[in-house]
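In what follows, a single structure is set out as structure tokens and then discussed.
Every number here is computed from the coordinates shown, using simple stated rules; none is lab data. For clarity, every value in this text was computed on a predicted model and none was experimentally measured. All Cβ positions, glycine included, derive from the backbone under ideal geometry; neighbour counts span all protein chains shown.
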């Protein structure tokens with residue numbers, strides 16, 4: 001949920017002001033991940049002979065802009081912003097509060113003591129922080145915040161005080177072995193100037209590399225640290241025994257001491273230059289040729305303006321930057337890490353993202369931009385997949401299609417908006433695959449410990465590919481032998497890497513917290529998946545041809561729907577002060593009701609409920625009167641007459657609903673309702689894409705008219721990486 005960012009410049013002279021700007025810019029690119037507070041940690045000495053002797057910790061409650069204003073107003077003699085630093089490490093954080101309310105002392109970076117000897121930024125949740133805090137309190141450490149993160153900084157201090165001879169990377173490895181939960185971490189210390197250590201377990205993290213010359217290698221071997229390996233009695237990961245079995249509140253650091261020599265068995269006799277990243281230089285070395293910069297971030301959006309060369313880290317990777325050299329370590333081999341002599345590598349890949357994709361352009365907000373990008377985003381989802389000859393090809397699942405077609409059932413697991421996209425496609429998946437299709441909320445799926453079998457196919461739908469509940473569901477299904485398929489919008493995400501195969505929806509970066517274009521692209525991707533399952537069925541050919549033709553026409557139809565913007569704004573003028581709204585429909589448009597209601601709740605904070613109109617008489621009809629604001633979705637499909645029955649029931653109770661209807665619905669069938677939004681008619685399984693866009697626009701306009709922040713609604717964040 002939070003965003004972490006770190007920047008190291010080695011022999012690349014930068015003014016302190018430039019370094020601060022890089023850190024703040026990185027946070028601004030990730031502010032959708034959390035915006036309760038923000039902070040940075042940089043070298044704070046104004047003495048050129050001892051520039052790394054102290055760390056300046058700058059934190060403020062509120063958005064990144066508040067922190068930026070605070071830094072601008074600092075007294076000139078406190079931090080010399082014009083000082084040029086050849087080597088420097090800075091870390092930064094934008095927070096979505098989990099432990100402790102939003103206030104300065106709870107903001108990150110968190111510190112080990114008043115001298116800021118160790119500072120850390122953290123994305124995730126430490127589930128055993130109370131036990132660690134109790135142990136450290138007994139050892140004399142004083143806590144100043146309510147966060148779970150502060151125990152990490154203080155534990156680092158405690159380990160260093162106890163084992164002063166170990167290096168920074170080894171110290172962090174000891175610390176993370178004591179932690180349970182999900183985290184991505186970046187550490188800075190006055191004890192190890194110019195060095196950076198970052199690691200992840202369950203939360204996303206990537207490293208960007210910027211060098212004037214070529215890199216020594218584009219494949220970096222992973223080095224393994226030797227040490228005693230035991231199972232913790234409480235941890236879910238294989239790690240050192242950090243708690244004794246007799247008293248789990250006592251840390252046993254002596255068992256966590258690792259060997260000071262990292263090992264990569266196949267490389268024991270290899271040239272050390274192949275085990276790390278550094279800029280190449282000529283035989284006559286000059287300082288400029290050695291210059292290199294590293295960027296560590298929760299999201300590629302924070303890095304793309306600096307470099308496109310990145311490494312996606314995996315769980316339990318530890319990145320160590322020292323003297324301009326980057327190396328990757330792991331504390332232990334997992335059962336999935338291969339044989340003892342196998343060499344694991346992390347590849348330097350190129351980001352497929354442009355800076356303009358994460359800029360607002362001529363739009364007032366990111367959400368508005370993303371709503372109006374949908375004609376293009378659905379084209380990108382289909383590009384190279386819906387072929388001119390009528391074939392639908394999804395390269396990511398081609399090798400697994402025979403297994404998918406033979407499966408016992410399809411299980412779609414998702415949360416929030418992604419869950420609604422699965423609901424939208426359940427019916428067409430059942431129809432074209434002739435398989436039982438189950439749609440599950442990831443959190444409930446895990447709570448129930450749902451039975452999973454070897455001949456099940458489990459699909460995990462997530463925009464970010466890092467949604468904690470969905471990722472945990474994937475990890476629950478995989479050991480049961482099910483085939484796992486990821487449907488994500490983020491290349492290199494955890495769900496992408498850990499699933500057997502998958503489909504990338506190619507919707508492009510989505511910055512607004514409330515998902516819009518990713519939702520419609522998810523529906524298109526799932527629909528293409530359904531089409532691939534029926535490509536060899538003669539009885540389905542007519543239906544398939546209609547759907548494929550409708551897919552080709554979809555972008556232009558979305559453009560026509562977006563022309564309703566001013567009409568939707570006029571409706572918003574009349575209802576933006578209301579306290580409640582009921583959205584109802586059925587069939588393929590039930591998902592539209594759920595998603596539209598969620599958008600209105602997210603952005604306008606108005607109570608809004610999406611219901612199936614078939615359930616109207618089983619309770620919700622009691623709420624209907626002349627005062628309740630209602631929206632109904634009515635289209636010419638298999639449930640058209642039933643939808644009209646629901647309309648009559650509402651009108652008979654003095655309700656006057658706003659109606660979203662396709663162009664083929666006769667006005668005479670709409671009971672004289674005056675507020676009618678007309679969308680183009682298309683094939684039934686795609687109609688929900690066209691009917692949801694007016695509700696996206698309605699949510700946007702209601703929020704704007706109330707003066708709310710459309711891109712960053714209160715209490716929410718874009719990527720839900722905690723359970």
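What's the ranking of 491-502, 440-451 by average number of surrounding C-beta atoms within 10 Å, highest first?
491-502, 440-451
For the chain, give me the percentage of DSSP beta bridges that are antiparallel, rounded to the nearest 5 percent.
For the chain, the DSSP antiparallel bridge percentage is about 65.
What angle, in degrees between 0 and 90 and rounded to the nearest 10, separates the Cα long axis of helix 565-575 from the longest principal axis of the Cα atoms of the chain?
Result, in degrees: 90.
Give the shape of the stretch 1-120 as rounded, prolate or oblate, defined through the alpha-carbon gyration tensor: a ≥ b ≥ c are the square roots of its eigenvalues, a/c under 1.5 means rounded, and otherwise the shape is prolate if a/b is larger than b/c and oblate if not.
Since a/c reaches 1.5 and a/b is larger than b/c, the shape of the stretch 1-120 is classed as prolate.
On C-alpha positions alone, give me the angle between the axis of helix 468-477 and the longest principal axis of the chain, in degrees, nearest 10.
90
Between residue 398 and residue 609, take the C-beta separation as r, use R0 = 51 Å, and let me know the FRET efficiency to the nearest 0.05.
Result of the calculation: an efficiency of 0.80.
Starting from the 7 Å offset along Cα-to-Cβ, what nm value, one decimal, do you get for the label separation of residue 566 and residue 78?
Using points 7 Å along Cα→Cβ, the separation is 5.0 nm.
From the list [x] 77, 66, 50; [y] 83, 59, 58; [z] 133, 84, 49, can you say which value of Cα extents along the principal axes in Å was derived from the structure given?
Evaluating Cα extents along the principal axes in Å on these atoms matches [y].
Can you give the relative contact order of the chain as a percent, counting alpha carbon pairs under 8 Å and 6+ residues apart?
12
If you count, for each residue, the other Cβ atoms within 10 Å and average over each peptide, how do 165-172, 464-471, 566-573 line up from highest to lowest?
464-471, 165-172, 566-573
What ranking of 360, 629 emerges when the number of other C-beta atoms within 10 Å of each C-beta is taken as an exposure proxy, fewest first?
Taking fewest neighbouring Cβ atoms as first place, the list is 360, 629.
Figure the gain on full extension for residue 162 and residue 48 (residue separation times 0.36 nm, minus the Cα-Cα span) and round it to one decimal in nm.
Net length gain for the segment: 38.0 nm.
Between residue 130 and residue 219, with labels modelled 7 Å along Cα→Cβ, what's the label distance in nm to one decimal, could you check?
Going from the residue 130 label point to the residue 219 one covers 4.8 nm.
Kindly put 220, 538 in sequence by how many other C-beta atoms sit within 10 Å of each C-beta, fewest to most.
With the fewest neighbours first, 220, 538 line up as 538, 220.
Contact order normalised by length for the stretch 366-437, with contacts defined as Cα pairs under 8 Å and 6 or more residues apart; what percent is it?
Answer for the stretch 366-437 is 21 percent.
So if each residue of separation counts as 0.36 nm, and I subtract the Cα-Cα distance between residue 66 and residue 539, what length gain in nm does that give?
164.1 nm
Compute the helix-to-body angle for 640-652: its Cα long axis versus the longest principal axis of the chain, expressed 0 to 90° and rounded to tens.
90
If I take every Cα pair under 8 Å that is 6 or more residues apart in the stretch 563-710, average their sequence separation and divide by the length, what percent do I get for the relative contact order?
Result for the stretch 563-710 is 32 percent.
Once fully extended, how much extra length lies between residue 645 and residue 714, figured as 0.36 nm per residue of separation less the alpha-carbon to alpha-carbon distance?
Here the answer is 21.0 nm.
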